[in-house]
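A short reminder: the numbers here are calculations on the coordinates, not readings from a lab. Keep in mind that this is a model prediction, so the values were computed, not measured. Here the Cβ positions follow ideal geometry from the backbone for every residue, glycine too, while neighbour counts run over all protein chains shown.
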Amino acid sequence: MNVKPDFSKGKNYAETAPAFLSVWDIHAYYGESYIVQGVNFNVHEGEILALLGRNGAGKTSTLRAIARLDDPQITHGEVWLDHQPLHLKNSHQAAQLGIGLVPEDRRIIAGLTVEENLKLAQIAPPIGWSLERLYELFPRLGERRNQEGVTLSGGEQQMLSIARALARDIKVLLLDEPYEGLAPVIVDEIEKTLRLIKEQGITTVIVEQNAVRALELADRSVILDTGTVVFDGAAGEVLENKELREEYLAI
């Protein structure tokens, strides 16, 4: 088990440990609350990483830092995507470079149909994800393409949020609590879709309170505790380590 890994000090993390997505020494605040306290990890291309920890550990804040959103306030650190310095970009530029965030509240646009939500997000012309390809991946959305997005079920809204992110031809999919409030059978369906997305070469970082389900899906896991990395290793290693799960995940 790699507990509190010793990252290289005083060097650019993208140079010392090159990966598709590199998060290096991120520090961030919400107001006066010091939420992210020097987080480091790498994600390799096509990998699914489960970013786990108890409530308040800094998981969502780390996702938002990668997506370059205005909150939390990032005071130090670097984020690199495919050799591009995301930490020098704003959220719009990060999205253009291939970052797609699916927030916990999904943010389906009221008054627009499923197809209109997708078309609004889609780049023109679409490079990899046409509407037809999205409907092939999400058949339910194809059946409901003319239905207002906010009237879909919770699971269908989650599918629409993921499809909307893919419509921008992203490289990295960031998922914040994608299983929240969903029945197990719907979670099964979403996991099946995420595995299909992985087969397309999309890199995924998933934050999820249902840690066991996330670990069963993921290749690797990073566990945060009070804003710092306490584990970085294989997802299966967490599933097999009862002491680690109890101490940091309460499972």
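Above 18 Å lies some portion of the pair distances; for region 72-155, what is it as a whole percent of all C-alpha pairs?
I get 56 percent for the Cα pairs in region 72-155 exceeding 18 Å.
For the chain, place one equal point scatterer on every Cα, skip the solvent, and apply the Debye formula. What is log10 of I(q)/I(0) at q = 0.11 Å⁻¹?
These q points yield log10 I(q)/I(0) values of -0.56.
What relative contact order, as a whole-number percentage, does region 204-251 give when Cα pairs under 8 Å and 6 or more residues apart are counted?
In percent, rounded to a whole number, it is 29.
May I ask which residue of G38, W129, A65 lies farthest towards the positive end of the charge dipole of the chain, with charges of +1 (Lys, Arg) and -1 (Asp, Glu) on Cβ and the Cα centre as origin?
Positive-end residue among those listed: W129.
Gap in Å between the Cα centre of region 86-115 and the Cα centre of region 148-184?
Answer, in whole Å: 11.
Where does the chain land at 222 nm, in deg cm²/dmol rounded to the nearest 500, when only DSSP H runs of n ≥ 4 count, each adding -39500 (n - 2.57), divided by all residues?
When only DSSP H runs of four or more count, the value is -9500 deg cm²/dmol.
Angle between the Cα long axis of helix 184-199 and the longest principal axis of the chain, 0 to 90 degrees, nearest 10?
80 degrees
Below 15 angstrom from the Cβ of V150, what's the summed charge of the other residues (Lys, Arg +1; Asp, Glu -1)?
0
Return the loop-located GluC sites (Glu not before Pro) in region 36-88 (DSSP other than H, G, I, E, B) with at most 14 other Cβ atoms within 10 Å of their own Cβ; answer none if there are none.
E45
What does DSSP give for the chain in terms of the percent of beta bridges that are antiparallel, rounded to the nearest 5?
Taking every DSSP beta bridge within the chain, about 60 percent pair in antiparallel fashion.
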